[in-house]
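Working notes for the structure below.
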């Protein structure tokens with residue numbers, strides 16, 4: 001039997017074996033795709049000297065669209081699970097304000113003019129998916145929050161340190177800074193996810209794990225789009241991706257994104273010639 005959301009307290013979670021660690025099931029759900037993301041050309045670039053200030057500017061524009069959409073939906077929601085999540089973690093996790101700091105730092109006061117003109121197709125699809133999920137099953141937005149926030153918590157400090165060093169910067173990349181103790185924050189987050197598994201029905205848990213996989217595919221597509229957008233032949237690329245997105249949009253979300261990712265895997269090496 002499902003429990004009430006009012007029972008979702010970290011104190012209670014710590015004293016219960018909540019559904020055989022649902023947080024571990026969530027972690028494993030998209031692990032294969034997660035591994036491919038780490039091996040992506042763009043992921044390697046993030047940690048290398050090739051990742052310039054201009055690259056970061058393009059990167060944070062996409063992230064702003066994604067986080068702004070996600071955090072507005074969660075923070076303004078009347079869904080009990082989203083409200084509980086934001087009450088527990090909103091102040092400790094929210095990234096939009098930090099992204100604005102970065103955008104102002106790199107682009108100046110005119111940063112908003114850069115947003116739409118540099119928004120990539122994968123970003124547009126990503127934000128559309130967040131809105132669609134929220135309108136149909138609001139709690140599934142927590143699957144996307146998990147992917148985004150845990151990625152920031154686990155790899156952000158390394159990315160920031162290397163970026164600042166490689167570009168001889170003393171400050172910047174505020175997006176990857178956290179004011180809370182990261183170890184404790186991740187522990188609390190996992191406890192929340194364990195309790196979530198106790199609250200959701202079997203069907204809801206299955207849908208949640210499927211949405212985690214969808215979220216990883218969205219991020220893989222974003223990396224591919226970012227990598228390809230760096231190349232000179234951008235007009236040709238836009239034409240190709242426009243037709244690709246039509247395939248994605250007329251099929252089921254997971255099927256469509258699989259097609260998108262597979263085609264991108266085969267096509268992006270074509271743009272690697274400088």
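Structure notes:
- Counting only residues that are in a helix (DSSP H, G or I) and more than 12 Å from the chain's Cα centre (by Cα), segment 141-167 holds 13 of them.
- The residues on offer are 213, 187, and the sole one that is modelled with pLDDT of 90 or more, within 22 Å of residue 91 (Cα to Cα) and either out of contact with any strand residue (DSSP E or B) (no Cβ under 7 Å at 6 or more places or on another chain) or in a helix (DSSP H, G or I) (or both) is 187.
- Residue tally, condition at pLDDT 95 or above and either more than 14 Å from residue 190 (Cα to Cα) or surrounded by fewer than 19 Cβ atoms within 10 Å (Cβ to Cβ) (or both), over segment 15-26: 2
- Taken together, 76, 117, 91 contain a single residue that is surrounded by fewer than 17 Cβ atoms within 10 Å (Cβ to Cβ) and farther than 24 Å from residue 179 by Cβ, which is 117.
- A Cβ distance below 7 Å, combined with a sequence gap of six or more or placement on separate chains, defines the contacts here; from segment 72-101, residues that are farther than 14 Å from residue 149 by Cβ reach residues that are modelled with pLDDT of 95 or more and outside any helix (DSSP H, G or I) in the pairs 83/77.
- Selection count where residues are surrounded by fewer than 18 Cβ atoms within 10 Å (Cβ to Cβ) and either part of a helix (DSSP H, G or I) or at pLDDT below 95 (or both), scope segment 191-206: 4
- Residue check for residue 166: out of contact with any helix residue (DSSP H, G or I) (no Cβ under 9 Å at 6 or more places or on another chain) and under 26 Å from residue 35 (Cα atoms): yes
- Identity of the residue in segment 31-71, under 20 Å from residue 146 (Cβ atoms) and free of Cβ contacts under 8 Å to residues at least 60 places away in the same chain, that ends up surrounded by the most Cβ atoms within 10 Å (Cβ to Cβ): 64
The values are calculated or read from the model by the stated rules, or taken from the named source; none is laboratory data. Just so it is clear, the model here is predicted, and its values are computed rather than measured. Because the Cβ atoms are built from the backbone with ideal geometry, glycine has one as well, and the counts that use them run over all protein chains shown.
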